Every structure is written in C-alpha cells, then in structure tokens.
Amino acid sequence: MKLTRIRDAVLPRQRYGYPLYGSEELPFLRAAAQFNSQLMDELRQHIKPGITTGQLNDIAHQYTLDHGHTPACLGYKGFPKSICTSINDVVCHGIPDDTELSEGDIVNVDITSIVDGWYGDQSETFLIGDVSDEARKVTQVAFDALHVGIHAAKPYCTVYDIAKAITMFAEARGLSVVRNYQGHGIGREFHQQPGVPHYPHAPTRKSIIAPGCCFTIEPMINVGVPETFIEGDGWTVRTCDAALSAQFEHQIYMTEDGPEILTQTENGPREGHEF
Ligand code: MF3
Ligand code: CO
Ligand code: CO
C-alpha cells in the first residue's frame, strides 16, 4: 500500500526528468509569473533615453522588495545585480551600471522574481526612441520567433519541434539563432529540466514537453553570426561580430490542451504586435 502510494505520487511526476505541476501548484506558478509581469509593466514606464540601466535595476529591486518578494538574479551564481540589461550587441546577462540608454539603442530587460518560493521569468527587448531598420527588424523577428515557438509547443512535443520552428523562422529572414544559451524548465527552481534549445540539432533536443511542464522559451536572435563570447566581467555575453542581438522570453505552462503563457503583461506587446 505504502509503496504503491509512493510510486503513484512521486515517480510519475519525474517521468520526464522534471517535475510535473498540477492544480495544486499552478496557482503558485501563475502568481509568481503574474507578479513578474507586473514588475515588467512598472519598468516599462521608465525605459526612455537618459535613464541608466543601474537606475532600472534599483527600481526593479525596490519594487520587488516593497511587494514582499525576492529578485532571483541577485547573487545567483554570484550575479551582482537584480535584473539583466543587455544593450545592442549584448546578447544576455548584461550587468546594470551607469550606462544611459540613448536614442537608437535596443535593450533587453530580463527579470526574474521569487514569489513564495516559486519563480517567474521573462524578458522583453525595448526600442529606445527612433532606431535603425536593422534594430527594428531583429527585435520584430525575436518577438515573432518567440510566438512561433509557442505555437510549435504542443502536449508531448519535443523541444526539437520548438527549436526547429524558431530557427526556420529566423533564418528565412536572414538572421541567426544563438546556440550557447537556451530556455529552461522553471518552478521551485530558477533553472531546471528540460533544457529548451532554440536551434534544432542541439544535444538537448530530445526532451518531451508533457502536460504539467513549466518552462521558458527565450530565443536570442542575431543580425550577424550566432557565435557569442563572455566579457572579462564573467557575465556580459556579446555577439562575436559586434552586430545587434534581440531577445524575448515568456514562461509557459503546458496544459492538456496546449501552452498557456504565464507572463503576458497588461501593457506590453502581444502576439502580432508591430514594432
Ligand atoms: N533570466 C535569465 C534567464 O532567462 C537568467 C539570468 S541569470 C543571471 O534564464 F544570473 F544572469 F541573472
Ligand atoms: Co529564463
Ligand atoms: Co530570463
């Protein structure tokens, strides 16, 4: 009796190599993602020429604490700030500092919150004032690629299906897909199984997305080559050719009927938006 209960209660939840979340956990996942989205809408109002990435960090940090929650990035593997801000050729993991946003920049703001022990994670790329055609294009393709990936996510699909759809979409538009960083399972931990690569021949391509899986899709799309390098600070990831990179990230919960976006903001772009 006892063993049967343990098997039924525990083993099926790890059958795919990650925890399956059900009706008991879903409200917590929704709450964490929803707070994170609310934080994105708060930051959105401040993202303009002249503000520094350090100021954005401080606003996010204080807003999170004021609501009784925890910024997940601060101290994560030694990361020194509460959010990531990645400008122009920075692909991801940019460290907020005294750099001012200026007209023509594109900046990805990636925020992650811990709410009652559950993680919410998302990012958007923002256009600062009037930007070049190239900057607008890479931002648009990164945004659309995220939604193409979400549509490719079906119950019991593999992460390969998502990656293939994203890469076909981006490459058909003359852009490249970053390989060194991928989406991830998320829930009681920041990064868990399954890894969610955005390019199809990734070694991690075989994982199955079963109903109950919570994960991110977060394609980084480059104007030039897909290769990246890490700066001397140990965090800032840049394109090898110094060409522009853009990224959007949503946290997704797979239901029996298909993907549910947990991190949709009230005021940000929705599928179909034109930048
Ligand atoms: N938020 C990023 C992600 O989407 C991870 C940032 S880790 C940090 O997975 F340490 F750089 F903050
Ligand atoms: Co993520
Ligand atoms: Co993120």
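The values are calculated or read from the model by the stated rules, or taken from the named source; none is laboratory data. As the structure is a computational prediction, the values presented were derived from the model and not from experiment. As a convention, Cβ positions derive from the backbone with ideal geometry for all residues, glycine included, and neighbour counts pool all protein chains shown. We work out accessible area using only protein heavy atoms, side chains counted, and drop any ligands, DNA or RNA first. Shrake-Rupley method; radii C 1.70, N 1.55, O 1.52, S 1.80 Å.
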For this session: Identify, by number, the condition in (1) open to solvent by 10 Å² or more (accessible area, probe 1.4 Å); (2) β-branched (Val, Ile, Thr); (3) in contact (Cβ under 8 Å) with a residue 24 or more places away in the chain; (4) touching a helix residue (DSSP H, G or I) at 6+ places or on another chain (Cβ under 6 Å) that Val148 doesn't meet.
Result: (3)
For this session: Considering (1) of a type outside the set (Lys, Arg); (2) more than 16 Å from ligand 3 (Cβ to nearest atom); (3) crowded, with 21+ Cβ neighbours inside 10 Å, say which one Ile221 fails and leave the rest.
Result: (2)
Exercise. What about Arg205, is it farther than 18 Å from Asp110 by Cα, of a type in the set (Lys, Arg) and open to solvent by 50 Å² or more (accessible area, probe 1.4 Å)?
Worked result: yes
For this session: May I ask you to verify whether Pro203 is closer than 29 Å to Asp133 by Cα, part of a loop (DSSP other than H, G, I, E, B) and either basic (Lys, Arg) or at pLDDT 95 or above (or both)?
Result: no
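Determine which member of the set Thr216, Thr228 is polar (S, T, N, Q) and within 11 Å of ligand 1 (Cβ to nearest atom). Full working, then the answer.
Working: Thr228 fails: within 11 Å of ligand 1 (Cβ to nearest atom).
One residue alone meets the criteria, Thr216.
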Exercise. Is it the case that segment 14-35 has a residue that's modelled with pLDDT under 95 and of a type in the set (D, E, K, R)?
Worked result: yes
Exercise. Quick check: anything in segment 49-58 touching a Leu at 6+ places or on another chain (Cβ under 6 Å), closer than 20 Å to Gly234 by Cα and within 15 Å of ligand 3 (Cβ to nearest atom)?
Worked result: no
For this session: Residue by residue through segment 207-236, note down the ones that are within 16 Å of Lys154 (Cβ to Cβ) and part of a loop (DSSP other than H, G, I, E, B).
Result: Ser207, Ala210, Pro211, Gly212, Cys213
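Could you identify the single residue in Asp66, Asp89, Asp41 that is out of contact with any strand residue (DSSP E or B) (no Cβ under 8 Å at 6 or more places or on another chain), at pLDDT 95 or above and open to solvent by less than 40 Å² (accessible area, probe 1.4 Å)?
Sole residue among the options that is out of contact with any strand residue (DSSP E or B) (no Cβ under 8 Å at 6 or more places or on another chain), at pLDDT 95 or above and open to solvent by less than 40 Å² (accessible area, probe 1.4 Å): Asp41.
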Problem set entry | Contacts under 6 angstrom Cβ, first residue in segment 33-61 being free of Cβ contacts under 8 Å to residues at least 60 places away in the same chain and under 17 Å from His93 (Cα atoms), partner surrounded by 16 or more Cβ atoms within 10 Å (Cβ to Cβ) and of a type in the set (D, E, K, R), 6 or more apart | Asn57/Lys81
Problem set entry | Residues of segment 57-110 satisfying the condition of being more than 11 Å from ligand 1 (Cβ to nearest atom), over 21 Å from Ala31 (Cβ atoms) and of a type in the set (A, V, I, L, M) | Ile59, Ile87, Val90, Val91, Leu101, Ile106, Val107
For this session: Kindly establish whether Thr139 is away from ligand 1 (no atom under 12 Å from the Cβ), crowded, with 19+ Cβ neighbours inside 10 Å, under 15 Å from the mean Cα position of the chain (by Cα) and β-branched (Val, Ile, Thr).
Result: yes
For this session: Answer yes or no: is there a residue in segment 151-160 that is buried (at least 20 other Cβ atoms within 10 Å of the Cβ), at pLDDT 95 or above, over 19 Å from Thr204 (Cα atoms) and within 16 Å of ligand 2 (Cβ to nearest atom).
Result: no
For this session: Taking the options Ser123, Ser113, name whichever one is open to solvent by less than 10 Å² (accessible area, probe 1.4 Å), part of a strand (DSSP E or B), in contact with a Ser or Thr (Cβ under 7 Å, 6 or more places away or on another chain) and at pLDDT 95 or above.
Result: Ser113
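What number of residues within segment 172-198 satisfy the criterion of being in a loop (DSSP other than H, G, I, E, B) and either open to solvent by 10 Å² or more (accessible area, probe 1.4 Å) or touching a Leu at 6+ places or on another chain (Cβ under 7 Å) (or both)? Quick ask: steps written out before the conclusion?
Looking only at segment 172-198, we keep the residues that are in a loop (DSSP other than H, G, I, E, B), and these are 173-175, 178-182, 186-191, 197-198.
Remaining after also requiring either open to solvent by 10 Å² or more (accessible area, probe 1.4 Å) or touching a Leu at 6+ places or on another chain (Cβ under 7 Å) (or both): 173-175, 179-182, 187-191.
Here the count works out to 12.
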For this session: Count, please, the residues in segment 242-271 that happen to be over 17 Å from Asp110 (Cβ atoms), open to solvent by 30 Å² or more (accessible area, probe 1.4 Å) and touching a residue at least 24 places away in the same chain (Cβ under 8 Å).
Result: 8
